[in-house]
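Asks: The structure that follows is given in the form of structure tokens.
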2 protein chains.
Amino acid sequence: MAIASAALPECSDCPIRHRAVCARCEPEELDALSRIKFYKTYAAGQTIAIRGEPLETVASIVKGTATLTRSIEDGRTQLVGLLLPSDFIGRPGRSEAQYDVTAVTELTLCCFHRRPFEELLEDMPHVRERLLEMALDELDAARDWMLLLGRKTARERISSLLALIVKRSIRPDGGILGDKGRVELPITRETMANYLGLTIETVSRQLTKLRKDGIIQLEGKRTILIPDFGALLAETGDDDDGGMIF
Amino acid sequence: MAIASAALPECSDCPIRHRAVCARCEPEELDALSRIKFYKTYAAGQTIAIRGEPLETVASIVKGTATLTRSIEDGRTQLVGLLLPSDFIGRPGRSEAQYDVTAVTELTLCCFHRRPFEELLEDMPHVRERLLEMALDELDAARDWMLLLGRKTARERISSLLALIVKRSIRPDGGILGDKGRVELPITRETMANYLGLTIETVSRQLTKLRKDGIIQLEGKRTILIPDFGALLAETGDDDDGGMIF
DNA sequence: CGGAAACTTGATAAGGCTCAATGAGTGTGG
DNA sequence: CCACACTCATTGAGCCTTATCAAGTTTCCG
């Protein structure tokens, strides 16, 4: 399934050290985790897990992007989570995947076999605590998305997604976007459509409209310029605020 | 805010003793919780919390139903959670409500002031464990709902909701429904609409269609008869299975 | 350069929304 | 006890947003 097993870098050098489940670990806890961890790499487009099939590992995303999807046999697909570095895959106490998990870019995971991980968990209050915190954050995100899926117009959905991507683009080092308001889209139109509960045609048309209205500029297919972030936020339908959390 | 403070019954007699956050508590943990708990009662329709306002209590629902909603100023409202007995309100480590919480029936809560609860939490592994489990279950439920909101037709949404209500009606004592396939709807058409991301007119029309198609029978406004549960499930758009989870 | 994948654009149709009127159930007060 | 008001629900007519179907176009990449 995995393309290759990478060498094992030290946790102290890990790019997600301060955000993943292990964020608040003491050195000895980190040691214990380190002893049972292993890395896996996936190519863009590869399947990581399939709903209903056994999944005996849990993992943190170290690098890359993955999606969590739910679908119906007739092809309708809904993206239920966008997984970025530091996000956690799998659930302690469950041996079957609840969602389809797919790599959308090249992906590196820091994996643990489920059983040993669960056993270690008993003695690692900091991991449990962080896991709870992350689950609650994801729950909040899922519920915000429910508002979008249930009540927002196509234009508001697109704007919300772009705003979200912008906010996440800023995060990594706290610095502002590479260029003034230039954002790289990490996902295809189809993935956007599946995230937003729309068709790719509607996504495309709404992007065009936002461009014609001067809210955004398109530079090639995957790069977007946002001259006025406030103007974009005004299109999201949100009671602003949510502005800059974190 | 609360109508009245009820007497304090013993935890051992509590109807949600085996499902709430305290489900796996040892007697001494239960004692500790018991010492800081207090009950509150709300009338149907009363507001329990407002998004963005301070919320310094957490609570378990003992009796009744409440809703979690997110909305936009222009009135659009999305229900993001349906809270039933044993469900938990509030989040450790957060002092502001993230959602509007409203009682839809008369409601009894088992409350704790947030700070003391958080402190007790440090020494109660069983509560933390259960809290994580419940959060992950809610996350799964929210994600299933995202599929419904993003991709299902009105008819499928209504059917899914009815199926969900039926499943929950069975749960309490493990016994089958009161009468052969007779289910009481705990919510109004408006609440259903806000849950399903539809208007009340569409909810009403689809219920009528399901009735004309013989999938359900309506008995007054709030009671539904389901002669063939399998037939209802076939209308939900789900790959069946999900059959009887809980 | 050729081919495939990703994206855009157009024409048309349909599902669900909006607006509006009507009906059923419930509680209140004369 | 009936009339009235009020809430909740149903039904209808017309419209609008988004989906569907069908070409084109651009980009990527061997």
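The values are calculated or read from the model by the stated rules, or taken from the named source; none is laboratory data. Note that the coordinates shown come from a computational prediction; the quantities given were computed from them, not determined experimentally. Glycine gets a Cβ as well: all are built from the backbone with ideal geometry, and neighbour counts include every protein chain shown. Accessible surface is based on the protein model in full, side chains and every heavy atom, while ligands, DNA and RNA are left aside. Shrake-Rupley method; radii C 1.70, N 1.55, O 1.52, S 1.80 Å.
Asks: Could you check segment A:94-115 and list, in sequence order, the residues that are over 18 Å from residue A:20 (Cβ atoms), touching an Asp or Glu at 6+ places or on another chain (Cβ under 9 Å) and surrounded by fewer than 19 Cβ atoms within 10 Å (Cβ to Cβ)?
Replies: A:95, A:96, A:115
Asks: While we're looking at this one, here's another question. Based on this model, can you work out whether residue B:51 counts as within 14 Å of chain A (Cβ to nearest Cβ) and either more than 18 Å from residue B:131 (Cβ to Cβ) or open to solvent by 60 Å² or more (accessible area, probe 1.4 Å) (or both)?
Replies: yes
Asks: Further question: I'm trying to understand the selection: among the residues of segment A:59-69, which are surrounded by fewer than 22 Cβ atoms within 10 Å (Cβ to Cβ) and within 14 Å of another protein chain (Cβ to nearest Cβ)?
Replies: Answer for segment A:59-69, where residues must be surrounded by fewer than 22 Cβ atoms within 10 Å (Cβ to Cβ) and within 14 Å of another protein chain (Cβ to nearest Cβ): A:67, A:69.
Asks: Would you mind telling me which numbered condition in (1) surrounded by fewer than 20 Cβ atoms within 10 Å (Cβ to Cβ); (2) free of Cβ contacts under 8 Å to residues at least 60 places away in the same chain; (3) closer than 22 Å to residue B:37 by Cα; (4) not basic (Lys, Arg) residue B:89 fails?
Replies: All conditions pass for residue B:89, except number (1).
Asks: Give just the number: which of (1) modelled with pLDDT under 95; (2) at positive phi; (3) not polar (S, T, N, Q) does residue B:90 not satisfy?
Replies: Condition not satisfied by residue B:90: (1).
Asks: Here's something else I'd like to know. Filter segment A:180-220 for residues that are within 11 Å of DNA strand D (Cβ to nearest atom) and open to solvent by less than 10 Å² (accessible area, probe 1.4 Å); which is farthest from the other protein chains (Cβ to nearest Cβ)?
Replies: Per the criteria, the residue is A:203.
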